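**Q** Here's a structure for you.
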Amino acid sequence: MFLDKLCKTNSNLIQIAVHMHQQKQILPDTYVVDVDRFLENAKVILQKANEQNIELYYMLKQIGRNPYLAKELEKIGYKGAVVVDFKEAEVMMKNHLHIAHAGHLVQIPSMMINQLVAYGCDYITVYSYEKLVEVNEAAKKIGLVQKVCVRVIGENDRIYSGQTAGFYLNQLEELVQKSKDLKYIEIAGVDNFPCFLYDEVTKEIQAQENLHTVFKAKKILEDLGCFIQNVNAPSATCVHTLELMKQYPEITSAEPGHGLSGTTPYHVDHDAEEIPSVLYLSEVSHVLDNHAYIYGGGYYRRGHIQNALVGSSYEGLVKDSVILPDMDSIDYHFGLENPHYIGDSAVLCFRYQIFVTRSDVCLIKGIHSGKPEIVGIYDSLGGKK
């Protein structure tokens, strides 16, 4: 999906990844991250957001909840993490990172509410009154008022399978009335997902109906007496999307994820500010019936994997088509259209979600200064190896 763009804009990453693999410094089934480029991407996104007074929460699930990158993002000015689920919250707390937003795509479980509220979280999203009560009770125990966001949903919104949740607009008045006795929470924000998406036909990022549902919810809640400080509009956040957000001055926060690594769908078709900074590295395992097979483990169903570069040196890399495993099979291997030498490096670049894989993550600094250095190897869930 991104292989041609990576070759065009960040060939140094390919060269170093292949060299280190051939020197037996990196195992196959490893996502290799160009840390310097990743952080440069983050800086240009942050600069754009600051110009528009939009607060950014970094999303790192896709890059394996990596705590090293999280700390670097906070150093350059990012407010904190948006954690996609409660297990990511655990990683951030373990590494003493700031949690700006939790509970949106996955609610915080009852057992963990006290811990999260006590640790500190700027906004906790809820989509049930019962969860709101739990947050209130946790905040009461430590004597603070916890800000919450309400996840809202409209009849015509786009909702991904497995993410069905939220309050309908006609349920908000009842929610506010019932919450008046909850003295330790403040309904201070609204959110929905996805608010922006890339259109494959027009080749542009477009606002979704979900965003307009958020705006309607903001007005309803304000009319009911709530002070809405956070209008959260996640999905596809990058410099280009932030430019589009100028049309919607109500937006106060966004959550770059793939934008940080230059790997949103927009980046396939456009020369964007952000440069691809992550590749998937594998190795030829065996050959059968004139097909080479490379080690798997990092497959993501929506990755749009098409091609790989294969060879024992950067200069000797050749492009080959990838044969994906069936949807009902485990990705022990990827096939290649042609035979290759066992031990050859294989470089792929596609839309990834490392936290749902069994891959490693290798962070490399100094690629563009001629002094490449591995700063850490992590598992897919943020644990250092």
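Taken together, the values in this text are just the output of simple stated rules run on the coordinates, not laboratory data. All of these numbers come straight from a predicted model, not from anything done at the bench. Note that each Cβ is placed from the backbone with ideal geometry, even for glycine, and that neighbours are counted across all protein chains shown.
**Q** Mind checking which aspartates and glutamates have their Cα closer than 12 Å to the Cα of residue 216? Skip sequence neighbours fewer than 8 apart in that chain.
**A** In chain and number order, the partners are 191, 250.
**Q** Now a separate question. Thinking of region 238-298 as a set of Cα atoms, what percent of all their pairs are more than 14 Å apart?
**A** Counting pairs separated by more than 14 Å, the tail of P(r) holds 67 percent.
**Q** HN-Hα J couplings of region 266-277 from phi, Karplus 6.51/-1.76/1.60, θ = phi - 60°, integer Hz, Gly and Pro as x?
**A** Here the 3J(HN,Hα) series is 4, 6, 5, 9, 10, 8, 8, 4, 7, 10, x, 9 Hz.
**Q** Which aspartates and glutamates, on any chain, are close to residue 5 with Cα under 13 Å apart, when same-chain ones fewer than 8 places away are left out?
**A** Within the straight-line limit of under 13 Å, residue 5 reaches these aspartates and glutamates: 269, 271, 273, 274.
**Q** Using per-residue counts of other Cβ atoms within 10 Å, averaged over each peptide, order 199-208, 66-75 from highest down.
**A** Packing proxy ranking, top to bottom: 66-75, 199-208.
**Q** At what distance in nm do the modelled label points of residue 141 and residue 111 sit from each other, each positioned 7 Å from its Cα along Cα→Cβ?
**A** Going by the 7 Å Cα→Cβ label model, 1.4 nm.
**Q** Here is the link list: 75/246; 178/218; 94/385; 246/365; 24/94; 48/79. Which ones come out longer than 23 Å on Cα distance?
**A** 75/246; 246/365; 24/94
**Q** Taking Cα pairs under 8 Å and at least six residues apart, what relative contact order does the chain come out at, in percent?
**A** Relative contact order for the chain comes out at 23 percent.
**Q** Length gain on complete extension for the stretch residue 301 to residue 369, per 0.36 nm per residue less the alpha carbon to alpha carbon distance?
**A** Answer, rounded to one decimal: 21.0 nm.
**Q** List the aspartates and glutamates whose Cα lies under 16 Å from the Cα of residue 371, skipping any in the same chain that are fewer than 8 positions away.
**A** Correct list for residue 371: 34, 36.
**Q** So, counting K/R as plus one and D/E as minus one, what does the shell of residues with Cβ under 12 Å around residue 130 add up to?
**A** Counting the neighbours of residue 130, the net charge comes to 0.
**Q** To make sure I understand, if each residue's beta carbon is the centre and we count other beta carbons within 10 Å, what order do 266, 248 fall in, fewest to most?
**A** Least crowded to most crowded, the residues run 248, 266.
**Q** Evaluate E = 1/(1 + (r/R0)^6) for residue 23 and residue 119, where r is the Cβ-Cβ distance and R0 equals 51 Å; express this FRET efficiency to the nearest 0.05.
**A** Step by step, r from the Cβ atoms, then E = 0.80.
**Q** Using R₀ = 41 Å, calculate the FRET efficiency as 1/(1 + (r/R₀)^6) where r is the Cβ-Cβ separation of residue 219 and residue 94; round to 0.05.
**A** That pair, residue 219 with residue 94, gives E of 0.55.
**Q** Could you please rank 327, 112, 92, placing first whichever residue has the fewest other Cβ atoms within 10 Å of its Cβ?
**A** 327, 112, 92
**Q** Among [x] 1.01; [y] 0.95; [z] 0.97, find the value of Rg/Rh (Cα atoms, Kirkwood Rh) that was calculated from the structure presented, and write down its label.
**A** So the calculated entry is the one marked [x].
**Q** May I ask you to list the residues of region 201-228 whose amide nitrogen lies under 17 Å from a point 7 Å from Cα along the Cα→beta-carbon direction of residue 156?
**A** What the label zone holds, given the 17 Å backbone N cut-off, is 206-217.
**Q** In the structure displayed, which of 61/147; 87/319; 180/219 lie more than 27 Å apart, Cα to Cα?
**A** 87/319
**Q** At a threshold of 8 angstrom on Cα-Cα distance, excluding pairs fewer than six apart, so keeping six or more, what relative contact order does region 234-385 reach in percent?
**A** It rounds to 20 percent for region 234-385.
**Q** Put +1 on the Cβ of each Lys and Arg and -1 on the Cβ of each Asp and Glu in region 289-385; which of 380, 300, 313 then has its Cα farthest toward the positive end of the dipole?
**A** 380
**Q** What order do you get for 151, 65, 358 when you list them from fewest to most C-beta neighbours inside 10 Å?
**A** If I rank by nearby Cβ atoms, fewest first, I get 358, 151, 65.
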